Amino acid sequence: MRRLRAALASVVLLSIAPQVAAGDPPPPSLGAHVFLGQGEGLGDSPAVTPAMETRSTGSVFVVFNAGYASNDAVPRDTYGNRWDRLGHAMTYANYGDRFDVKAYVALDGKGGANHSASIVKRGEPRGELSLPFVEVRNASRVQALAQSYAEPSLVVASGEIHVDGPATLLAFWWGDGGVKRMSVVPGDGFQLIDAFVELPDESGVQGAVAWRQVNAAGTYRVHWTAAPVQGAALWLIAIR
């Protein structure tokens, strides 16, 4: 299925942090994150991310399930958070209806040591699956979400989102090309934090995760440069 290679080049836009009055809550910020990629025929059920250390309270968690559409169980995690669908599933082009990508969010998240997320693979237990797990600290809600499916191009652009104050932006790229090595670079001040772009010979689901911290209200989007050329399911999420 989709194959990616990772060219992790990132552009950092430096900005001056706004002054925060004593007693004001801290702005949202990127927390712990991890990316599990299981190759075709190499996976198992449940698919479990490596453990990471998250905050005990005050976080929003985001998980994606990219792979066989039949592996459609709701995620679980070691702290029993409630996971709700974020947006709608997007079906990969040119593979029939066999593969899709879905996002989930846990608000008012509970965490701590050895925190992992998992998905029971009811349809294809050994099938390829990619599972990023991202924490945003000092946050309570998803303010904005843009989903789009880009036609094949060297540079693809997400939809636009608007935020009315400091926010952590998370961007996800899910390429649909039948390749196993690729480069994926976010622009517009986003930094690449996780990627599965050098796939096993058996194939896998390529994906890349980037983030940007914004300190003021505004309208934002992200451009991705990926080679070789392929289409992609794109997500841009603002968390406050």
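The values are calculated or read from the model by the stated rules, or taken from the named source; none is laboratory data. The structure displayed is predicted, hence computed values, not measured ones. Counting neighbours? That spans all protein chains shown, and the Cβs are built from the backbone with ideal geometry, glycine included. Ligands, DNA and RNA are stripped out before the accessible areas are found, and what is left, the full protein with its side chains, is counted by its heavy atoms. Shrake-Rupley method; radii C 1.70, N 1.55, O 1.52, S 1.80 Å.
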Quiz prompt | Test result for Val209, among the hydrophobic types (A, V, I, L, M, F, W, C) and either touching a His at 6+ places or on another chain (Cβ under 6 Å) or more than 30 Å from Thr57 (Cβ to Cβ) (or both) | solution = no
Quiz item: Considering only the range 85-104, how many residues are of a type in the set (Lys, Arg) and out of contact with any strand residue (DSSP E or B) (no Cβ under 8 Å at 6 or more places or on another chain)?
Solution: 0
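If a residue must be closer than 14 Å to Gln230 by Cα and open to solvent by 40 Å² or more (accessible area, probe 1.4 Å), how many such residues does the range 174-203 contain?
Step one: list which residues in the range 174-203 are closer than 14 Å to Gln230 by Cα, which gives 174-185, 197.
Then drop every residue that is not open to solvent by 40 Å² or more (accessible area, probe 1.4 Å), which leaves 178-181.
Of the residues in that region, 4 qualify.
Does Val134 satisfy being under 20 Å from Gln206 (Cβ atoms) and among the β-branched types (Val, Ile, Thr)?
On the way: under 20 Å from Gln206 (Cβ atoms): yes; among the β-branched types (Val, Ile, Thr): yes.
Yes; evaluated as a whole, the condition is true for this residue.
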Quiz item: Of all residues in the range 94-119, which are surrounded by 15 or more Cβ atoms within 10 Å (Cβ to Cβ), among the aliphatic types (A, V, I, L, M) and out of contact with any Leu (no Cβ under 8 Å at 6 or more places or on another chain)?
Solution: Val101, Ala106, Leu107
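Would you check which residues across the range 204-218 are open to solvent by 10 Å² or more (accessible area, probe 1.4 Å), outside any strand (DSSP E or B) and either touching a residue at least 60 places away in the same chain (Cβ under 8 Å) or in contact with a Pro (Cβ under 6 Å, 6 or more places away or on another chain) (or both) and list them?
In the first step, residues of the range 204-218 are kept if they are open to solvent by 10 Å² or more (accessible area, probe 1.4 Å); the result is 211-213, 215-218.
From what is left, the residues that are outside any strand (DSSP E or B) are 215-217.
Scanning the range 204-218 gives Asn215, Ala216.
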Quiz prompt | Selection from the range 22-59 of residues that are in contact with a Pro (Cβ under 8 Å, 6 or more places away or on another chain) and in a strand (DSSP E or B) | solution = His33, Val34, Phe35, Leu36
Quiz item: Of all residues in the range 54-90, which are among the basic types (Lys, Arg) and either without any contact (Cβ under 8 Å) to a residue 24 or more places away in the chain or surrounded by fewer than 15 Cβ atoms within 10 Å (Cβ to Cβ) (or both)?
Solution: Arg82, Arg85
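When the residues of the range 103-120 are narrowed to those that are among the β-branched types (Val, Ile, Thr) and out of contact with any Phe, Trp or Tyr (no Cβ under 8 Å at 6 or more places or on another chain), which ends up farthest from Arg141 (Cα to Cα)? Let's see the steps before the verdict.
Narrowing the range 103-120 to residues among the β-branched types (Val, Ile, Thr): 105, 119-120.
If we keep only those that are out of contact with any Phe, Trp or Tyr (no Cβ under 8 Å at 6 or more places or on another chain) as well, we get 119-120.
Values: Ile119: 23, Val120: 26 Å.
If we take residues in the range 103-120 being among the β-branched types (Val, Ile, Thr) and out of contact with any Phe, Trp or Tyr (no Cβ under 8 Å at 6 or more places or on another chain), then Val120 is farthest from Arg141 (Cα to Cα).
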Quiz item: What number goes with the only condition from (1) in a strand (DSSP E or B); (2) surrounded by fewer than 21 Cβ atoms within 10 Å (Cβ to Cβ) that Pro132 does not pass?
Solution: (2)
Quiz item: Which of the residues spanning the range 135-154 are aliphatic (A, V, I, L, M), open to solvent by less than 70 Å² (accessible area, probe 1.4 Å) and assigned to a strand (DSSP E or B)?
Solution: Val136, Val142, Ala144, Leu145, Ala146, Ala150
Exercise. Specify which of the listed residues (Ala157, Ala171) is modelled with pLDDT of 95 or more, buried (at least 24 other Cβ atoms within 10 Å of the Cβ), at negative phi and of a type in the set (Gly, Ala, Ser).
Key: Ala171
Quiz item: Mind checking which residues of the range 69-108 are in contact with a Pro (Cβ under 6 Å, 6 or more places away or on another chain) and assigned to a strand (DSSP E or B)?
Solution: Tyr104
